[in-house]
Amino acid sequence: MGRCIFCLLLGLTALYSCSKKEKEVQLPLGVWEKVTDFPDVSHPGSVAFVLNNIIFIGAGTLWAKDFYAYTPSTNQWTKIADLPRGRSQALGFSLQGKGYVLAGRDSTGDLNDFWEYDPAQNAWTHLPDFPGPPRTSATVLTLGNKAYLGTGWTHLAGSGAQMQLSDWWEYDPLTKTWTRKTDFPGGPCSFAAGIGLGAKAYLGLAGPGLSPGRQWWEYDPALDKWKQLADCPGTPRYGAGIFVLKDKIYAGNGSKGLGADPKYYIYDWWEYDKVKDRWRAVASSPQLRAVGVSFSIGDAGYWGLGFDDSMGDVRDIWRFKLE
């Protein structure tokens, strides 16, 4: 009898240990921590780019021109030269040691002017205009030594009506030229999440059309072809944050509707494995947010500014690490 009780206790202990271990494996991946707030008033619709492990953020609502540089190693902000023409809901990216800002909107309407920032000179240079339709709420990403831009909203000349776009463009900084590529097959959309990883680009989490979305597509620049991948299993959204860490894509937050109603905003974040074409949940953000700025440096991803559910425009920034 004593031996039976001992075996039963041993079995229960093993079962508990397995159950505990299984729960530990299923704990959300990653940790969020707050860093120093953006030093100016909040600018929803800001742009960001990274140069030499320094983050540059500027522009935004009310046609802001101001730009700041953030150094993660010191957790400090520094004011840099203003963008010559302020704007909101523009696009920012970096290539070959230079930062770029284009498109967006100011008091005159949609824009297609194009600016290059040289950190060595702390100066902006006006480049030839982007040849596609002027736009807001579009997506830009970098892949290798080129940038890719597409989707967003444009106002039709003379009518005041808006139209969503599905066009896709490639920028070569060596020749300073834009080339039209195969349109995004997910349909016209805006506030999509896009990023480059390896030899491919990835775009989705918006639309098609005015709807929030879960769609996810891969673009091969060598073939100029798109391929549909596994949908994100989370809530359909747009205005999500996105960054890359250790050959995985992390995307989340965003909104599932227009307006400031808290029920529209989303906490969850997801990891995408391009090799397995598979999503899995990671640690949710501690702050609701949409249409912010996101980027990665080293082993950390960053997500901040934008709109939040209750406070409106926000200027806090959070760092995500795989700990």
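The values are calculated or read from the model by the stated rules, or taken from the named source; none is laboratory data. Predicted model, so just to flag it, every value in this text is computed and none were measured. Cβ atoms come from the backbone with ideal geometry, glycine included; neighbour counts cover every protein chain shown. With ligands, DNA and RNA removed, areas are computed over all heavy atoms of the protein, side chains included. Shrake-Rupley method; radii C 1.70, N 1.55, O 1.52, S 1.80 Å.
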Residues in the range 287-316 that are closer than 22 Å to K246 by Cβ, out of contact with any Leu (no Cβ under 7 Å at 6 or more places or on another chain) and surrounded by fewer than 22 Cβ atoms within 10 Å (Cβ to Cβ): how many?
3
Given the residues L210, L223, which is the only one that is open to solvent by 30 Å² or more (accessible area, probe 1.4 Å), assigned to a loop (DSSP other than H, G, I, E, B), among the aliphatic types (A, V, I, L, M) and at pLDDT below 95?
L210
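Of everything in the range 2-38 that's closer than 30 Å to D316 by Cβ and modelled with pLDDT under 75, which residue is surrounded by the fewest Cβ atoms within 10 Å (Cβ to Cβ)?
Ranking the qualifying residues of the range 2-38, first place goes to L27.
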Give the range 119-155 a look and list any residue that's over 16 Å from S166 (Cβ atoms) and not in a loop (DSSP other than H, G, I, E, B), or say none.
A123, W124, T125, H126, L127, T142, L143, K146, A147, H155
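Yes/no matrix, rows are residues, columns are (1) out of contact with any strand residue (DSSP E or B) (no Cβ under 7 Å at 6 or more places or on another chain); (2) closer than 17 Å to D268 by Cα:
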site	(1), (2)
L156	no, no
D183	no, no
S211	yes, no
N253	no, yes
Within the range 142-163, how many residues are open to solvent by less than 30 Å² (accessible area, probe 1.4 Å) and either in contact (Cβ under 8 Å) with a residue 60 or more places away in the chain or over 15 Å from Y100 (Cα atoms) (or both)?
6
